[in-house]
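Colleague: Have a look at this one before I ask anything.
The values are calculated or read from the model by the stated rules, or taken from the named source; none is laboratory data. The shown structure was predicted, so the numbers you read here are calculated from the model rather than taken from an experiment. Neighbour counts run over all protein chains shown; Cβ positions are idealised from the backbone, glycine included. Note: areas computed on protein heavy atoms with side chains; ligands, DNA, RNA excluded. Shrake-Rupley method; radii C 1.70, N 1.55, O 1.52, S 1.80 Å.
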Amino acid sequence: MRLRCQYCRLNLTEEHFYLGQQQLTSICDICQSRGLLIGDFVNQQSLVLATARQWVYLGLPENIARKTSTQQVKLSLTKQERKACNSLIDSFDVLPGSWRKQALRQQFYQHVIAWQNRPEAVNLTGNFPIDLENLGCDTTTIFDKNNLDYTTRVYIREKYHYQCQYCGRYGDSVDHKDPVTLSDDNSLANLILSCRECNKLKGSMPYQQFVEWNQEVPATLAKLRQYQQTIERLTRQQKKLQTQLAVARHLTVSVQDRKLVGLRRKIKVLQGLLDGENSDYQKLIRVRHDYIISHYATWKLEQEDN
Ligand SMILES: [Zn+2]
Ligand SMILES: [Zn+2]
């Protein structure tokens, strides 16, 4: 979901409007980095979305804005400049790990803000790496992660259809078959896709052995996949009901309304199922984890003996 920031008027992904869990702000995080205050702006979109999701809206309440009818200040950019800036930020957002690396993100924001203040200084071309350089961003820190470039990662993910090649569940981690601790081989033949769990579990284990040990427990892997799918399905159902509940609450006067009570009961039932599935899932993850780890320990001992 995209939301429009009430200061810069950019259409950004909703992550830019998160502040803590389940809270949506009136202006984007970039404008907050400028030192602007969330409480000075009203954002109809954030307000409605937050209400529908039963989240918290952080911004100027609409009724107060109407009463004072203050014309809100806005960043002055031409439509074209806004479009160019929007796509620059979108490109940054899809970089692997760009949301986890907050220092890098803040650095990027400072360059964006500097440009927004003086857009005539740099002409944004739409070519992401070139624009970053023209803005003065340190592109080596932005693209250099394990020495793998962005296009390689995207390529590997597409090649394996976002499926972990060890367990078959959803995966987006590009993994070195030969661990980086053993070799620096970044060739495509040495790269494979895995889920975060397998990636972490494999660590510095040898590829061939890790694959073999996994193949010894096909039933466990099939169950893991099944759990993940069931949990996803239940979560989707629950979200749908929560949205229905939020809408129904606006339409009905009485909190004891039969429809509301029914929806609440269904959500509770789903939560019970989710808790059960999740706990079984976690148990199975541990079983497989311990199985592989014990194999690895034995294997290492054997290696030392030889
Ligand atoms: Zn903004
Ligand atoms: Zn996996």
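Colleague: Please state which of the following conditions LEU260 fails to meet, knowing it meets all the rest: (1) loosely packed, with under 12 Cβ neighbours inside 10 Å; (2) within 33 Å of the chain's Cα centre (by Cα).
Modeller: Just one mismatch for LEU260, condition (1).
Colleague: Check whether at least one residue in segment 194-208 is farther than 30 Å from SER279 by Cβ and surrounded by 13 or more Cβ atoms within 10 Å (Cβ to Cβ), and report yes or no.
Modeller: yes
Colleague: Does segment 295-306 hold any residues that are within 19 Å of SER204 (Cα to Cα), open to solvent by 60 Å² or more (accessible area, probe 1.4 Å) and not hydrophobic (A, V, I, L, M, F, W, C), and which are they?
Modeller: Scanning segment 295-306 gives THR298, LYS300, GLU302, GLN303, GLU304.
Colleague: In segment 25-48, which residue that is touching a strand residue (DSSP E or B) at 6+ places or on another chain (Cβ under 6 Å) and more than 9 Å from ligand 1 (Cβ to nearest atom) is most open to solvent (accessible area, probe 1.4 Å)?
Modeller: GLN45
Colleague: Based on what the data block shows, is GLN303 under 23 Å from LYS223 (Cβ atoms) and out of contact with any Phe, Trp or Tyr (no Cβ under 8 Å at 6 or more places or on another chain)?
Modeller: No, not satisfied.
Colleague: Here's something else I'd like to know. Any idea which of VAL269, VAL253 is over 21 Å from THR51 (Cα atoms), free of Cβ contacts under 8 Å to residues at least 24 places away in the same chain and open to solvent by 40 Å² or more (accessible area, probe 1.4 Å)?
Modeller: Selected residue: VAL269, the only one of VAL269, VAL253 that is over 21 Å from THR51 (Cα atoms), free of Cβ contacts under 8 Å to residues at least 24 places away in the same chain and open to solvent by 40 Å² or more (accessible area, probe 1.4 Å).
Colleague: Tally time: how many residues in segment 24-61 are under 23 Å from ALA114 (Cα atoms), not in a helix (DSSP H, G or I) and not basic (Lys, Arg)?
Modeller: 8
Colleague: Would segment 165-178 turn up any residue that is away from ligand 2 (no atom under 16 Å from the Cβ), surrounded by fewer than 17 Cβ atoms within 10 Å (Cβ to Cβ) and outside the structural domain of ILE285 (by TED's automatic domain parsing)?
Modeller: Taking every residue of segment 165-178 in turn, at least one turns out to be away from ligand 2 (no atom under 16 Å from the Cβ), surrounded by fewer than 17 Cβ atoms within 10 Å (Cβ to Cβ) and outside the structural domain of ILE285 (by TED's automatic domain parsing).
Colleague: When segment 165-193 is examined, which residues are found to be at pLDDT 80 or above, closer than 17 Å to ARG153 by Cβ and more than 17 Å from the chain's Cα centre (by Cα)?
Modeller: Correct list: GLN165, ASP175, HIS176, LYS177, LEU188, ALA189, ASN190, LEU191, ILE192, LEU193.
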